[in-house]
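**Q** Okay, here's the structure, questions in a sec.
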Amino acid sequence: MSDSDDLDGVAGYMQQAKQQALKNVEHVTEGVAAESLSEGKLFEIAQSIGDRRLEELTVADTTCGYCAVGCRFDLYSDGEEILAARPTAEEDAPVNGISTCVKGKFGYDFVNSDDRLTTPLVRDEAGAFREASWAEALDRVAQGLGEIRDEHGGEALSLIASSKATNEENYLMGKFARQVLGTNSVDNCNRLCHSSTVAGLAKTYGYGAASISTEDLEIADCILLTGSNTTEAHPVLATRIKQNVRDGANLLVFDPREIQIAEYATQYTQVKPGYDAVWINALTRYIINNDLYDETFVDERTTGFEEVKASVQEFTPERVEEVTGVPHEEIVSAAETIAESDACVFGWTLGLTEHSHGTENVIAMANLAAITGNLGRPGTGVSPFRGQNNVQGGGGDMGPLPDNFPGYQDIADDEIRAKFEEAWDCEISGEYGYYTTQMFLAADDDDIRGMYIIGENAALSEPGVNHAEEILRDLDFLVVQDLFVTETAEYADVVLPACSFVEKTGTFTNTDRTVQMVNKVMEPKGESRPDWQILQDLANRMGRDWAYADTAEIMREVKSLTPLYGGVSHERVRDEGGLQWPCWDDDHPGTPRLYAEEFNTENGKANLHGVGYSEPAETPDESYPLSLTTGRVLYQYHTGTMTHREEGIMQYTPSDFIEIHPETAEAAGIESGDMVTVESRRGEIVVPAQLTDRVGPDTVFIPIHFAESAVNRLTNEEHIDPVAATPEYKVSAVRISPAEMAAPDHTGDIEALGDD
Ligand SMILES: Nc1nc2c(c(=O)[nH]1)N[C@H]1C(S)=C(S)[C@@H](COP(=O)(O)OP(=O)(O)OC[C@H]3O[C@@H](n4cnc5c(=O)[nH]c(N)nc54)[C@H](O)[C@@H]3O)O[C@H]1N2
Ligand SMILES: Nc1nc2c(c(=O)[nH]1)N[C@H]1C(S)=C(S)[C@@H](COP(=O)(O)OP(=O)(O)OC[C@H]3O[C@@H](n4cnc5c(=O)[nH]c(N)nc54)[C@H](O)[C@@H]3O)O[C@H]1N2
Ligand code: SF4
Ligand SMILES: [Mo]
């Protein structure tokens, strides 16, 4: 923390704040944001800062706690709330420079909201929550979890770690599960998100992560984007891509919805949800059969080319058009554009991964990038845009995973396991634990009896939440650690108040593997505490002797056990403004771009694998004729715990909606704004209609942000990728009908976000 003493008096500060804020509007996703950030709002913020004496304010440079782009900025606080976010020195913000999106800039009302959890809660005898002291609550947790562990073994417990929390905290969540609880069933939201990317890339190239640095998005001369609503989910990356396109790069967008980034594309191709491996294989087939592939790269740096060549032959133009709806000309033009470019980046997000065959989709993409030689050079590579602010680091690198220790070290490897058993002074089973999606199924058979859920709103975000709710209700013991009494916390025996990223210090690792500092700008609200301190107290109550003085010390332990982070320390991250892994030792500069020389595989090569035909686990039929796909909007974040508490955001997107093609709506007798019943084989919800030809006639789209019409009542928890266990959130068969219900007042205001 530092004082803002470099500023010239309150008036000067206020003026600067306002100018900066206005300047930033240009950099917030164009179109939508400019409308929403009214001058009135900006003035209000400048005023609220100006009204205070500067010495009463604290400022800290930190990393955004919303998405994994990893924007950096200075946050200003008066000790009670966050007053403003302003650009930090440009050289200290490698990803965003002076840009931020609307969430990073204004999304802080949640921090000081009236319903923030400020004390622990325990259930009284009548079953209602009452406030409790930390000592009482922690004793209850130690007893509740301890009893299950002692009676049924540690394997009867599971822990869901939080990719909202820091690396250091996630390292401790993994350690707590194995050392204190004695279970390998520890997982996190990565399972619901990009675990198929991690599995697919690890299998082919070695690292389950983006190979590029963000700047590669600006120097590529071609970008293929699929399953990524970039302007809404990764706005600052979208700004960089759009700039590159303005400078002449080609942009190819394949998506079932004509999302905003498609307007900037050289080619937009509408695909049917769930058939991505088919059109990707078709591109590969065209490139191979027309000798457009990079022969030298294939010969020198890959294995498996012949297998891939044979496997793609079944994807003939006729078949591809029939299955995916993509005309052959569009396959040809995209394939030629990729083959003719010198440097191509392949970017994707959940449209590719959240499927019952997500890992295969990713392998198909990895094959395409490799045969065209687009890896390891400037402007080339693969870029899965990661999701939660710290899912790359906290959700993966730090090892709160059923099969890996930190740094993707396999728990089944005896030597590695011995290293951790010695360091953590405990016995660890070499048998993998349950993935998140499996935990809920295992609980049905009492294989899981107690859960410790940290910073995850599983009651809304899991697939098939009707079942997840039952499980949460029936567990012998549930402890939830969050900022709020979430829908998940409603089922808990004990709720522990954690604090948010503005109230603590540590590191996050963003989507391009950059480890960056998170610096505390205000004290934890009420009695809330950082996750690492809660875990430490609990571990000690459960018979351990943890004595970390701060998160820098935790990172030193990570460094000593994790080769990938072997040179990462708080001191270096501060001094060098971020470090990209792998960073093997104190002298290693970090690695901006992976695979320049070799792949991280035993033979040093990219090992390609043929991928055959795949389709969604549930395809539309007569009873459920439409494909439902689900996802995000710019102004909202996931289950809304943070963004629903921001008034400005709620004015803009007050409620849920379903995107329906006008023809489909007409056939069903539905008009714009009407309430619509949407049914799947799992359940039904009611949402207002938004008619748009952004989706095709066979597809409908519903966002994931609203509890009252929780879309995961419709999804299926058993349709998961066999390798990565990612749920098929992106395809469910549904039917729609007009609902006997009046639309809420504000439905008329709902606009198609992403449209200018
Ligand atoms: N505003 C906002 N930003 C966020 C988040 C948020 O909640 N709000 N969440 C963060 C997180 S955790 C994540 S993981 C990312 C997610 O980022 P995205 O994956 O970009 O977000 P989604 O809205 O799920 O969009 C997926 C895209 O895939 C398309 N799609 C759907 N089905 C298919 C298919 O079968 N094939 C293909 N090719 N495309 C398909 C959709 O039309 C949509 O454009 O966003 C992060 N950023
Ligand atoms: N149908 C459908 N479902 C989906 C998806 C989809 O595309 N479609 N996407 C999936 C994906 S990609 C994801 S990532 C998940 C997201 O699902 P969740 O991770 O469940 O969603 P969030 O609302 O972000 O929940 C994070 C919680 O952490 C709390 N929190 C914030 N900071 C901290 C902290 O520092 N410490 C603690 N202890 N708590 C904190 C917040 O208050 C919030 O309750 O949803 C998945 N579900
Ligand atoms: S793009 Fe992501 S990291 Fe950047 S300000 Fe927006 S939410 Fe935060
Ligand atoms: Mo995610």
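**Q** Do we find that PHE420 is among the aromatic types (Phe, Trp, Tyr) and part of a helix (DSSP H, G or I) in this structure?
**A** Yes; evaluated as a whole, the condition is true for this residue.
**Q** Just to check your reading of the model, which residue among LYS175, LYS164 is part of a loop (DSSP other than H, G, I, E, B), touching a residue at least 60 places away in the same chain (Cβ under 8 Å), basic (Lys, Arg) and assigned by TED's automatic domain parsing to the domain that holds PHE420?
**A** LYS164
**Q** All but one of (1) surrounded by fewer than 23 Cβ atoms within 10 Å (Cβ to Cβ); (2) touching a strand residue (DSSP E or B) at 6+ places or on another chain (Cβ under 7 Å); (3) in contact (Cβ under 8 Å) with a residue 40 or more places away in the chain hold for TYR491, so report the exception by its number.
**A** Going through the list (1) surrounded by fewer than 23 Cβ atoms within 10 Å (Cβ to Cβ); (2) touching a strand residue (DSSP E or B) at 6+ places or on another chain (Cβ under 7 Å); (3) in contact (Cβ under 8 Å) with a residue 40 or more places away in the chain, TYR491 breaks only (3).
**Q** Still on this structure, please answer the following. Residues GLY381, GLY373, GLY395: which one is under 30 Å from LEU561 (Cα atoms) and more than 16 Å from ligand 4 (Cβ to nearest atom)?
**A** It is GLY381.
**Q** Could you list, in sequence order, all residues of segment 398-419 that are away from ligand 4 (no atom under 16 Å from the Cβ), surrounded by 21 or more Cβ atoms within 10 Å (Cβ to Cβ) and in contact (Cβ under 8 Å) with a residue 40 or more places away in the chain?
**A** Of everything in segment 398-419, those that are away from ligand 4 (no atom under 16 Å from the Cβ), surrounded by 21 or more Cβ atoms within 10 Å (Cβ to Cβ) and in contact (Cβ under 8 Å) with a residue 40 or more places away in the chain turn out to be MET398, GLY399, PRO402, PHE405, PRO406, TYR408, ILE411.
**Q** Take the residues in segment 378-416 that are of a type in the set (Gly, Ala, Ser) and not in a helix (DSSP H, G or I); name whichever of them is farthest from ligand 1 (Cβ to nearest atom).
**A** Checked segment 378-416; the qualifying residue farthest from ligand 1 (Cβ to nearest atom) is ALA412.
**Q** Could you please let me know if THR214 is within 14 Å of ligand 4 (Cβ to nearest atom), β-branched (Val, Ile, Thr) and closer than 28 Å to ASN607 by Cβ?
**A** Criteria not met by THR214.
**Q** Do we have any residue at all in segment 658-674 that's part of a loop (DSSP other than H, G, I, E, B) and under 23 Å from the mean Cα position of the chain (by Cα)?
**A** no
**Q** Return the pairs, sorted by first residue and then second, in which the second residue is within 15 Å of ligand 1 (Cβ to nearest atom) and acidic (Asp, Glu), the first residue lies in segment 98-109 and is under 14 Å from LEU83 (Cβ atoms) and touching a residue at least 12 places away in the same chain (Cβ under 8 Å), the beta carbons are less than 9 Å apart, and the residues are 6+ apart or on different chains.
**A** Pairs found: PHE106/GLU646; GLY107/GLU646; TYR108/GLU646; ASP109/GLU646.
**Q** What are the residues in segment 212-243 that are in a loop (DSSP other than H, G, I, E, B) and under 17 Å from the mean Cα position of the chain (by Cα), if any?
**A** THR214, GLY227, SER228, ASN229, HIS234
**Q** How many of the residues making up segment 69-99 are at pLDDT below 95 and in contact with a His (Cβ under 7 Å, 6 or more places away or on another chain)?
**A** The qualifying residues number 2.
**Q** Same structure again: Check segment 387-400 and report whether any residue there is in the same structural domain as THR230 (by TED's automatic domain parsing), more than 16 Å from ligand 2 (Cβ to nearest atom) and at pLDDT 95 or above.
**A** No, segment 387-400 has no match at all.
**Q** Of all residues being modelled with pLDDT under 95 and of a type outside the set (D, E, K, R) in segment 114-144, which is nearest to ligand 4 (Cβ to nearest atom)? Just the residue, please.
**A** GLY127
**Q** Scan GLU470, GLU523 and give me the residue that is among the charged types (D, E, K, R) and farther than 24 Å from ALA707 by Cα.
**A** Of the residues listed, the single one that is among the charged types (D, E, K, R) and farther than 24 Å from ALA707 by Cα is GLU523.
**Q** How do the helices (runs of 4 or more DSSP H) wholly within segment 286-370 filter down when requiring 2 or more residues that are more than 24 Å from the chain's Cα centre (by Cα) and surrounded by 18 or more Cβ atoms within 10 Å (Cβ to Cβ): which remain?
**A** Helices (runs of 4 or more DSSP H) meeting the threshold: 295-301, 305-312, 317-324, 328-340.
**Q** Here is a follow-up. Could you list, in sequence order, the residues of segment 442-472 that are under 27 Å from GLU354 (Cα atoms) and surrounded by fewer than 19 Cβ atoms within 10 Å (Cβ to Cβ)?
**A** ASP444, ASP445, ASP447, ASN466, GLU470
**Q** A follow-up question, please. When only residues in segment 621-633 that are within 14 Å of the chain's Cα centre (by Cα) and assigned to a loop (DSSP other than H, G, I, E, B) count, which is farthest from ligand 3 (Cβ to nearest atom)?
**A** It comes out as VAL633.
The values are calculated or read from the model by the stated rules, or taken from the named source; none is laboratory data. Quick caveat: nothing in here was measured; it's all calculated off a predicted structure. Reconstructed Cβ throughout: ideal geometry from the backbone, glycine too, with neighbour counts over all protein chains shown.
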